[in-house]
Amino acid sequence: MSTLVIKDLHVSIEDKEILKGLNLTINTNEIHAIMGPNGTGKSTLASAIMGHPKYEVTQGTIEIDGENVLEMEVDERAQAGLFLAMQYPSEISGVTNADFIRSAINARREEGDEISLMKFIRELDKSMDFLEMDQEMAQRYLNEGFSGGEKKRNEILQLMMIKPKFAILDEIDSGLDIDALKVVAKGINEMRGEGFGCIAITHYQRLLNYITPDHVHVMMQGRVVKSGGPELAQRLEAEGYDWIKQELGIED
Ligand code: ADP
Ligand code: MG
Ligand code: MG
C-alpha cells in the first residue's frame, strides 16, 4: 500500500494565497472525490501536487510514503507514481499519442527494462477496445484536433496504460455527454484496486453516480472543510453548499 499525505498546504499564485492550510490523506485502493464551489482552489491543489511552476508552495508538506514530493521535479513526480489529468489537456504537436504513452510508461521503468513494442501494442489495443476508442486515435498527434470528449477518454487511456499509484483527475467529467461519461467511469472503475488511488475533482455529483467514492471531501476557501462518505455528495447535489457555509460560519 502507498499513501499520499498532504499536510497544512499553503499555495500562492502571483503572491495571492489560494490554498490556506489544506489537509488530505489518500491511500492506494481508495477513491476520493473533492467537491466544492468554483474558485475554491481545487485546480490549484491538482497543479500544486504535480509541481506546476506558477504555483508556489509557501508552507506545508506533500509526501508519498514519506518521500518529499515538493523536492521533486515534475518528471520525478510522474516517476514516483503521480498522474495528473488536467482540466484543459494541452496539445503536443509532432508526438503521437502512442509514442507519448510509451515514453511515459518507460520513464517509470529502469533502463533495460523498457516495455517491448509487442507488449505495448497488445495492451494499447486492449485498452482502446475497452474504452471504445477508434484505433486511429493512437497514431494522431497528442490531443491535436481531439474533441473535448476524445481528450477525456484519451486521458483515461493514458491512465490505464501508465498505471500510476495516484491519479488526480480534475473535472474529468466536464463537458462529457452521458455515453462518454460512462466510458470514463468504466475506465476509472477498472483501475480501482490495490496499487491505485484516485482523487476525482468534480463540480457535480453526476460522475459519482457511476464511480462510488470511498471518501468525499468538500473544499471551500482553500481548505478541506468537511469530509464524509458518498452520502455527502448526494446531500450536496440535493441542497447545494449553503448548509455547510452556515454550519461553519463561512461568509461568501
Ligand atoms: P477551482 O478549481 O476550485 O474552481 P482554482 O484553483 O481554479 O479554483 O482557482 C482558485 C483561485 O485562484 C481563483 O480565485 C482563481 O481566480 C485563482 N487562480 C487560479 N489560477 C490562477 C492563475 N493562473 N493566475 C492567477 N489566479 C489564478
Ligand atoms: Mg481522507
Ligand atoms: Mg478547477
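No lab work stands behind these numbers, since they all come straight from the coordinates. Keep in mind the model is a prediction, meaning the values are calculated, not measured. Please note: Cβ atoms are built from the backbone with ideal geometry, for glycine as well, and neighbour counts cover all protein chains shown.
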Original post:
When the chain is modelled as a GNM with alpha-carbon springs shorter than 10 Å, which of M50, M35, M118 fluctuates the most?
Top reply: M118
**OP:** Answer with one residue from T40, M50, A78: the one whose Cα lies farthest towards the positive end of the charge dipole of the range 1-78, charges on Cβ with Lys, Arg +1 and Asp, Glu -1.
**Re:** T40
**OP:** Evaluate the charge dipole of the range 94-252 about its Cα centre and quote only its size in Debye, nearest 20, assuming +1 on the Cβ of each Lys and Arg and -1 on the Cβ of each Asp and Glu.
**Re:** 320
Subject >> Principal-axis tilt of helix 117-130 within the chain, Cα atoms, nearest 10 degrees >> reply: 50
**OP:** Please turn the phi angles of the range 194-199 into ³J(HN,Hα) values with the Karplus equation 6.51 cos²θ - 1.76 cosθ + 1.60 (θ = phi - 60°), one per residue in order, whole Hz, x for glycine and proline.
**Re:** 4, x, 9, x, 9, 10
**OP:** Before anything else, pin down the relative contact order of the chain: Cα pairs under 8 Å, at least 6 apart, normalised by residue count, whole percent.
**Re:** 28
**OP:** Using θ = phi - 60° and the Karplus relation 6.51 cos²θ - 1.76 cosθ + 1.60, list the HN-Hα couplings for the range 66-82 in order, rounded to whole Hz, with x at every Gly or Pro.
**Re:** x, 8, 6, 5, 5, 7, 8, 6, 4, 5, 5, 5, 5, 5, 6, x, 8
Original post:
What percent do you get for the relative contact order of the range 186-231 when only Cα pairs under 8 Å and 6+ apart count?
Top reply: 28
**OP:** Could I have the simple spin-label model distance between E136 and K20, label points 7 Å from Cα toward Cβ, reported in nm to one decimal?
**Re:** 5.1
Subject >> 5 angstrom amide H check on I34, placed H, neighbours 5+ away >> reply: A200, I201, T202, H217
Original post:
Dividing the convex hull volume of the Cα atoms of the range 205-252 by its residue count, what figure in Å³ per residue is obtained?
Top reply: 77
**OP:** Going by C-beta contacts inside 10 Å, put E144, E194 in order with the fewest on the left.
**Re:** E194, E144
Original post:
Using a Gaussian network for the chain with springs between C-alpha atoms less than 10 Å apart, which of these wobbles most: F130, F166, F196?
Top reply: F130
Original post:
Which of the trypsin sites (Lys or Arg not before Pro) found in the range 1-98 are loop residues per DSSP with 15 or fewer other Cβ atoms within 10 Å of their Cβ?
Top reply: K54
**OP:** Determine, from the Cβ-Cβ distance of E231 and H203 and an R0 of 25 Å, the FRET efficiency 1/(1 + (r/R0)^6), rounded to the nearest 0.05.
**Re:** 0.85
Subject >> Per-residue HN-Hα couplings for the range 201-212 [Karplus 6.51, -1.76, 1.60; θ = phi - 60°; Hz; x = Gly/Pro] >> reply: 8, 8, 7, 10, 6, 3, 4, 6, 6, 10, 10, 8
Original post:
Which residues' amide hydrogens lie under 5 Å from the amide hydrogen of G21, considering only partners 5 or more residues apart or on another chain, with H built in the peptide plane?
Top reply: L9, H10, V11
Subject >> Among D170, D179, D113: highest mean-square fluctuation, GNM of the chain, C-alpha pairs under 10 Å >> reply: D113
Original post:
Stretched out fully, how many nm does the piece from D177 to R108 gain, at 0.36 nm a residue minus the Cα gap?
Top reply: 21.5 nm
